[in-house]
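Here, each number is a calculation from the coordinates, and none is a lab measurement. Values in this document were obtained by computation on a predicted structure and should not be read as measured data. Neighbour counts are summed over all protein chains in view; Cβ atoms, including those assigned to glycine, are modelled from backbone coordinates with ideal geometry.
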Amino acid sequence: MRFIRVPRDIIVWLLLVVSLVLYGVDYLLYGRLQEIAFGFMANLAFLPVYVLFVTLMIERVLKEREREAIMKKLNMVIGVFFSEVGNHLLHDFLAFTCDGRKLSERLSFTPQWEDEDFAAALAFVKGHDFCLDSTLGDREALKAFLVEKRGVMLSLMENPNLLEHEAFTDLLWAVFHLIEELQARTKLDRLPESDLDHLSGDMKRAHALLLIQWLNYLRHLRQDYPYLFSLAVRMNPMNPEASAEVVYR
């Protein structure tokens, strides 16, 4: 069906004519000119209020749509981060976690998880003081991976939409700081205990923020992209036995 585009001026004059015709019909049928005038003035008095209300509502709807569009783009950026860096980093951090088995068991989510399950997992992560020890895992391998992904991290941090997501920005800064700390050390095999403790603190900061954003991202996938969530379940970096293969039991 083809629609005819009518000029705005014609629409305005047409509405005015329709209004005058309706007022004229009212006068011809009932002849109550005083009541018609009273009703017209009452509506005219409230016109600024109507305009203000409609303007505020339209502005609110437009801002909400703009925010949703920005968040959708941000979720794509977050998805790229976890695909390129985050998932691998979660797996690597597991080797440095003192109670890694407990954490792995607690975050072995399934396709049946609901919002309540993710909320409980988030509460667990935020309320648990995880112990990360830089002496437990392979620091050289972690350094090599993060240095390799330095370019990806820089490109993510250049995204202007990050201003709308403070928590994710904090995560990127924490991971990037860890990259700089590791890259600043030529050798990681003979560090003093005080320096190892410092690295443990940097890992712990990045790990805590990473877990929170990971769970929020998984909840987003479950709600909006079930097929991506299905892959995320099978490729859970917190599960040492994870496999992309679909197996029916």
For Asp115, net neighbour charge (Lys/Arg +1, Asp/Glu -1) across residues whose Cβ lies under 15 Å away: -2
Environment charge at Met153 (Cβ cut-off 13 Å; Lys +1, Arg +1, Asp -1, Glu -1): -2
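Using a Förster distance of 41 Å, how high is the FRET efficiency between Asp99 and Glu66, based on the Cβ-Cβ distance and rounded to 0.05? Walk me through the numbers before you get to the answer.
Numbers: r = 43 Å, r/R0 = 1.05.
After rounding, the FRET efficiency stands at 0.45.
For a footprinting-style exposure proxy, rank Phe229, Phe176 by other Cβ within 10 Å, fewest first.
Starting with the residue having the fewest Cβ neighbours, the order is Phe176, Phe229.
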Asp224 versus Asp117: modelled label distance in nm, points set 7 Å from Cα along the beta carbon direction: 2.1 nm
Amide H partners (placed H, <5 Å) of Leu132, local residues excluded: Cys98
Residue among Thr186, Thr110, Thr169 with the largest mean-square fluctuation in a Gaussian network model of the chain, springs linking Cα atoms under 10 Å: Thr186
Residue among Leu162, Leu191, Leu178 with the largest mean-square fluctuation in a Gaussian network model of the chain, springs linking Cα atoms under 10 Å: Leu191
GNM result for the chain, Cα springs below 10 Å: residue of Val85, Val61, Val12 fluctuating most strongly: Val12
Stokes-Einstein D (µm²/s) once Rh is taken as the Kirkwood radius of region 8-60 over alpha-carbon pairs, at 20 °C in 1.002 mPa s: 165 µm²/s
Cβ-derived FRET efficiency at R0 51 Å, Val51 paired with Lys187, nearest 0.05: 0.15
CD proxy at 222 nm, helix term only [per DSSP H run n ≥ 4: -39500 (n - 2.57); per residue of the chain; nearest 500]: -24500 deg cm²/dmol
Vicinal HN-Hα couplings computed from phi for region 144-151 (Karplus, 6.51 cos²θ - 1.76 cosθ + 1.60; Hz; Gly/Pro x): 4, 5, 5, 5, 4, 8, 4, x
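Net charge near Asp170, counting Lys/Arg +1 and Asp/Glu -1 over other residues with Cβ under 15 Å of its Cβ? Please list the in-between numbers first.
Working: positive: Lys126, Lys204, Arg205; negative: Glu164, Glu166, Asp202.
Value of the local net charge: 0.
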Rounded to 10°, Cα long-axis angle of helix 193-224 versus longest principal axis of the chain: 40 degrees
Globularity ratio of the chain, using Cα Rg and 2.2 N^0.38 Å: 1.65
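When Ile78, Ile212 are ordered from fewest to most other Cβ atoms inside 10 Å of their Cβ, what list results? Could the numbers behind the result be given before it?
Numbers: Ile78 21, Ile212 18.
So the residues, fewest neighbours to most, are Ile212, Ile78.
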